[in-house]
């Protein structure tokens with residue numbers, strides 16, 4: 001009797017052991033694995049500038065048939081180098097005037113922009129007899145004497161202020177406020193956009209308006225692009241690529257017109273005179289930068 005029971009218990013132990021093996025061998029769970037590979041890469045900002053000289057002419061009645069522009073003054077949007085010049089004029093005469101349309105395109109980032117005029121210098125160059133009669137203090141030392149010429153001097157080094165060339169800056173947006181042409185001048189959507197001719201509807205920067213006879217470049221002068229663009233009624237309405245604060249959208253082209261005028265009232269004091277200046281266009285990121293240009 002005892003042996004029989006023991007055999008049964010042993011048999012049960014074997015069964016339980018075998019059962020445990022079966023359970024252990026067939027246990028499984030469903031699973032999934034997702035991997036996120038993470039990278040931080042800094043963005044970038046770049047600037048391309050283009051220009052189209054609209055005209056240089058002595059007789060306004062003949063516009064635009066007799067317009068002539070120096071070759072370096074018209075070029076597609078690019079990074080500026082020594083071959084790109086907005087203005088490169090010689091043999092100017094009282095009554096001459098002209099204009100250029102500048103294309104400004106920030107790449108990859110919304111941006112603030114500004115223009116800076118640096119290294120401005122004036123030269124008397126050669127003192128002709130008529131010039132000496134009008135300007136007895138003419139300095140024949142030429143390019144060795146800075147601020148001696150009368151085209152655009154700042155009145156430094158004891159030389160009186162004499163600025164005969166007047167400038168005007170405006171939003172070259174054409175007949176429709178804002179920029180419809182996406183960088184193409186005179187497109188079908190606005191045939192006068194970016195054409196370099198000031199339309200009466202196009203807003204002018206008050207501080208650089210040649211009509212009031214006070215618009216001159218000075219050395220180290222800075223103009224914010226936003227102060228020009230936000231004059232547009234499209235900027236006031238914050239439509240499309242235009243914004244009330246005047247910042248620029250990435251990969252969009254903005255046209256700004258610059259005209260110059262050597263009034264017919266200029267006299268012999270300007271003979272052979274010249275002035276030179278570098279124009280810098282700069283951009284800074286717009287996002288997280290409310291100061292509109294941090295040096």
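Each value in this text was obtained by applying a stated rule to the coordinates, not by laboratory testing. These numbers were taken from a predicted model, which means no experiment stands behind them. Note: ideal-geometry Cβ built from the backbone for every residue, glycine included; neighbour counts use all protein chains shown.
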* Sorted by packing (mean other beta-carbon atoms within 10 Å per residue), highest first, where do 162-174, 263-275 land? -> 162-174, 263-275
* Asked: So how far apart, in nm, are the two label points at residue 268 and residue 41 if each is 7 Å from Cα heading toward Cβ?
  -> 6.7
* To do: Find how much the distance from residue 186 to residue 238 grows on full extension, using 0.36 nm per residue of separation minus their present alpha carbon separation; answer in nm with one decimal.
  => 16.5 nm
* Asked: For a label point 7 angstrom out from the Cα of residue 139 toward its Cβ, which stretches of the range 261-275 have the backbone nitrogen within less than 19 Å?
  -> 269-275
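Of the listed peptides 77-84, 187-194, what is their order by residue-averaged count of other C-beta atoms within 10 Å, with the highest listed first?
Top of the packing list down: 187-194, 77-84.
Based on the Cβ-Cβ distance from residue 116 to residue 251, what FRET efficiency comes out when R0 is 35 Å, to the nearest 0.05?
0.90
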* For residue 199 and residue 288 in one chain, what is 0.36 nm times their gap in residues minus the Cα-Cα distance, to one decimal in nm? -> 28.5 nm
* To do: Assuming 0.890 mPa s and 25 °C, estimate D for the range 46-285 with Stokes-Einstein, Rh taken as the Kirkwood radius over Cα pairs, in µm²/s.
  => 132
* Structure fact -> Pseudo-spin-label distance residue 128 to residue 207, built 7 Å along Cα→Cβ, given in nm, is 3.6
* Asked: Which peptide among 32-38, 241-247 comes first, and what is the full order, when sorted by highest mean count of other Cβ atoms within 10 Å?
  -> 241-247, 32-38
